[in-house]
1. Take E485 and decide whether it is open to solvent by 50 Å² or more (accessible area, probe 1.4 Å), under 30 Å from G253 (Cβ atoms) and among the acidic types (D, E).
2. Tell me which of these Q111 doesn't satisfy, since it passes every other one: (1) in contact with a His (Cβ under 8 Å, 6 or more places away or on another chain); (2) over 26 Å from P169 (Cα atoms).
3. Which residue, of I491, I462, is open to solvent by 10 Å² or more (accessible area, probe 1.4 Å) and in contact (Cβ under 8 Å) with a residue 24 or more places away in the chain?
4. Return yes when F40 is at pLDDT 85 or above, crowded, with 17+ Cβ neighbours inside 10 Å and under 17 Å from the mean Cα position of the chain (by Cα) and no when it is not.
5. Could you please find all residues in segment 174-183 being over 22 Å from the mean Cα position of the chain (by Cα) and touching a residue at least 24 places away in the same chain (Cβ under 8 Å)?
6. Could you please let me know if I441 is over 30 Å from Y198 (Cα atoms), without any contact (Cβ under 8 Å) to a residue 24 or more places away in the chain and part of a helix (DSSP H, G or I)?
7. For segment 444-456, which residues satisfy the criterion of being in a helix (DSSP H, G or I), without any contact (Cβ under 8 Å) to a residue 60 or more places away in the chain and open to solvent by less than 70 Å² (accessible area, probe 1.4 Å)?
8. Looking at segment 380-423, which of the residues that are closer than 19 Å to A561 by Cα and in a helix (DSSP H, G or I) is modelled with the lowest pLDDT?
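The values are calculated or read from the model by the stated rules, or taken from the named source; none is laboratory data. This structure is a prediction, so every number in the text was calculated from the model and none was measured. All Cβ positions, glycine included, derive from the backbone under ideal geometry; neighbour counts span all protein chains shown. Quick note on the areas: whole protein, heavy atoms, side chains included, nothing else; ligands and nucleic acids left out. Shrake-Rupley method; radii C 1.70, N 1.55, O 1.52, S 1.80 Å.
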Amino acid sequence: MENTATKGMETLHIQEAREESADDRIVSKRKDLGGWGCAFLLLANQALATLAFFGVGVNLVLFLTRVMGQNNAIAANNVSIWTGTVYLFSLVGAFLSDSYWGRYLTCSIFQVIFVLGLVLVSLTSWLVLLKPKGCGDGKKDCENPPSYGTILFYFAIYLVAFGYGGHQPTLATFGADQFDDTDPKQRSSKAAFFCYFYFALNTGSLFSNTVLVFYEDTGKWTLGFWAAAASAVLALATFLLGSSSYRYLRACGNPIPRVMQVFVAAARKWRVPAEQGGALYEVQGANSAFKGIRKIKHTDDFRCLDKAATVTATEPDCDAASPWRLCTVTQVEEAKCILRMIPIWLCTIIYSVTFTQMASLFVEQGDVMDTRIGKLHLPAASMSVFDICSVLICTGLYRHVLVPVAGRLSGNPKGLSELQRMGVGLILGMLAMVAAGLTEIWRLKAVFPGESSSRMSVLWQIPQYVLVGASEVFMYVGQLEFFNEQAPDGIKSFGSSLCMASISLGNFVSSLLVHMVMEITAKDDNPGWIPENLNAGHMDRFYFLIAILTAVDFVVYVACARWYNRITFQPADVDRADANVEGRRVAGEAPEGR
């Protein structure tokens, strides 16, 4: 009778452990939470927030030159620094989301900062900078701004950068959280969400690049900024509307100590031979050493790090062992995942160099082409509309045509894997640079002596914009899905932020590349490839250089993709026996705080 009761208590204990583990990551256990209803609210939030952000960013260089009185070079440099900062702030938001605040609170706080920044931009420009009334339209000059007005304006736009950058990767991850990975149908919906997420981003950008650009370009800066602020307020309200219906996942604590513990523990045991998977330390049963983190199956990559999970004769009591001396397999695999993702991420930076040309050299190239369409003057910067339209069209074609067809041919329900899509994005980006280079060759041939611009129509730029737009669908949507899916539970938002960090570094690498090219090519009487007078240069060679670098990068990327070993999570309901079958050393549950 006593044995029966004991067995019953053990069974109950195991069942409770399973339930605790299954629900450990989810704050709320209601089954009706999340899904497409919540996802659509987040997609609307993304579109409205992007509209608000680009309502300031798309014409910022004009505001700095017309209203703040800066010259073209200083204004362009300030915009580049500001843009790069936006994407670097994404790492801050991702860290706070994964470590302490959780996705919902992080999105809420950074969106409030975003709104405050836009309101301050609107008030500062309206009450302080736009003097006299109606200035800043390119015809009527504004008064020199007071020093306090300049400080307020820069403080405001960097608040905008902080708010938008910090909220973006977390929003993407929070949207993915609304779908349950254990359900095959919802797993497919999660993949579709990333596609629609990028679609929503470009929908908001399209409105900013057409309607708001027109008002701001004609001097109605206050109206444009207040419209952006109103859009941000509406985005925040839309986000908060779903507060009672979202699926919430817990923050998993600071990942930096967890990863550092692996390297320190492995270094301390560098003379200890690494054990095979079956002898490595892992917490038994369905429980995990870290709250909210699913256990990860062992892999044979980076075998030297397995030493951190190797139990030595001096560690008979695993429960009491310091995590700086003995780590779990999951902890080691988390560090391995980061090391595996880094080469893939580095290969995306060259693509971002291609992407950044739209906001710089493409515009300069279009500005020295014939921008007249009948009696209509088409600003060179407005050609980015073709990129946005390409993204919107290609997103629909990809989801509803390519995925079903490729899925039937390959047997992969996603059509193409994330890594394959990113490879296609690299190829399309390379072709965009080739198209831009060919356009530049033809443009130079259509330049007549004494004329400052070519007689070639700016519409010949359409192919390069369309190719960049198509490449974005494959590269950036693939990146969002790949880094979110392959990142361990404790760094999901960090995975999403890598996409934005790639764009930021792409801006910096592009600037460095231009500087290096000019240092090498502008010697003696040679004006260089990208001089002030583009008609005297060879920008086509710079485009072809980027195409060659992208081709080399593609070869390296293929090698990295073939080497990459995908992450595999331990099933949530693995019991003690199953853990032994999986080849894990059974040890006591780790003490709280490991």
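1. Working: open to solvent by 50 Å² or more (accessible area, probe 1.4 Å): yes; under 30 Å from G253 (Cβ atoms): yes; among the acidic types (D, E): yes.
Against the criterion (open to solvent by 50 Å² or more (accessible area, probe 1.4 Å), under 30 Å from G253 (Cβ atoms) and among the acidic types (D, E)), E485 qualifies.
2. With respect to (1) in contact with a His (Cβ under 8 Å, 6 or more places away or on another chain); (2) over 26 Å from P169 (Cα atoms), Q111 is out only on (2).
3. Values: I491 fails: open to solvent by 10 Å² or more (accessible area, probe 1.4 Å).
On inspection, the qualifying residue turns out to be I462.
4. Details: at pLDDT 85 or above: yes; crowded, with 17+ Cβ neighbours inside 10 Å: yes; under 17 Å from the mean Cα position of the chain (by Cα): no.
Answer is no for this residue.
5. Of the residues in segment 174-183, the ones over 22 Å from the mean Cα position of the chain (by Cα) are 182-183.
T182 - this is the single residue of segment 174-183 that is over 22 Å from the mean Cα position of the chain (by Cα) and touching a residue at least 24 places away in the same chain (Cβ under 8 Å).
6. Numbers: over 30 Å from Y198 (Cα atoms): yes; without any contact (Cβ under 8 Å) to a residue 24 or more places away in the chain: no; part of a helix (DSSP H, G or I): yes.
Criteria not met by I441.
7. Narrowing segment 444-456 to residues in a helix (DSSP H, G or I): 444-445.
If we keep only those that are without any contact (Cβ under 8 Å) to a residue 60 or more places away in the chain as well, we get 445.
Passing the criteria: none in range.
8. Here is the first cut: in segment 380-423, the ones closer than 19 Å to A561 by Cα are 410, 412, 414-423.
Now drop any that are not in a helix (DSSP H, G or I), which leaves 410, 418-423.
Numbers: S410: 74, E418: 89, L419: 93, Q420: 92, R421: 91, M422: 94, G423: 95.
The extreme case among them is S410.
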